[in-house]
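Worksheet for the structure shown next.
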Amino acid sequence: QVQLVESGGGLVQPGGSLRLSCAASGRIFSINVMGWYRQPPGTQRELVATIGSDGSTNYRDSVKGRFTISRYNANNTVYLQMNSLKPEDTAVYLCILKQSGPDYWGQGTQVTVSS
């Protein structure tokens, strides 16, 4: 089994920054993809960014140039640095781990961008 624990959400003004963290524990394979999805109020879950164990990254277009995903393989932690936040970034942000077998999800952390 795998557990994912997120932290770092909160309330921030437009133009501000937040850094999300997600620590994975349990049976984690060396080849995997970790990342972040978000679910804005009343809408479906959407991909934000992913990063492979080889360091390859993928971002949704609306966050390119503002968000940066990174990971520290030694402790199976993935980070999402979010800058220049906009009200439309408001959502529950969920961490995901993809590897051989089922996908694993964190419990989610709320990010609210509002003045």
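The values are calculated or read from the model by the stated rules, or taken from the named source; none is laboratory data. Fair warning: this is a prediction, and the values are worked out from it, not measured in the lab. Every residue, glycine as well, gets a Cβ built from its backbone with ideal geometry; the counts of neighbours run over all protein chains shown. When the accessible area is computed, the model is the full protein with side chains, heavy atoms only, and any ligands, DNA or RNA have been set aside. Shrake-Rupley method; radii C 1.70, N 1.55, O 1.52, S 1.80 Å.
List of remarks:
- Principal axes of segment 1-41: Cα extent on each, largest first, Å: 38, 18, 16
- Kirkwood Rh in Å, taken over all unlike Cα pairs in segment 18-71: 12.5 Å
- Built amide H within the under 5 Å cut-off of Gly108, gap 5+: Glu6, Cys95
- Convex hull of the chain built on C-alpha atoms - directionally averaged projected area, nm²: 6.7 nm²
- Sites Asn58 and Ala23, calculated FRET efficiency, Cβ-Cβ separation with R0 25 Å, nearest 0.05: 0.75
- Rolling a 1.4 angstrom probe over the chain with all protein chains present gives an accessible area of which 48% lies on carbon and sulfur atoms.
- As a length-normalised measure over Cα pairs under 8 Å and 6 or more apart, the relative contact order of the chain settles at 37 percent.
- Note on Gln110 and Ser30: with the Förster distance fixed at 25 Å, the Cβ-Cβ geometry gives a FRET efficiency of about 0.20.
- Linear extension gain, Ser84 paired with Thr43, 0.36 nm per residue minus alpha-carbon span: 12.5 nm
- Heavy-atom accessible surface of the chain, averaged per residue, reaches 51 Å², computed with a 1.4 Å probe.
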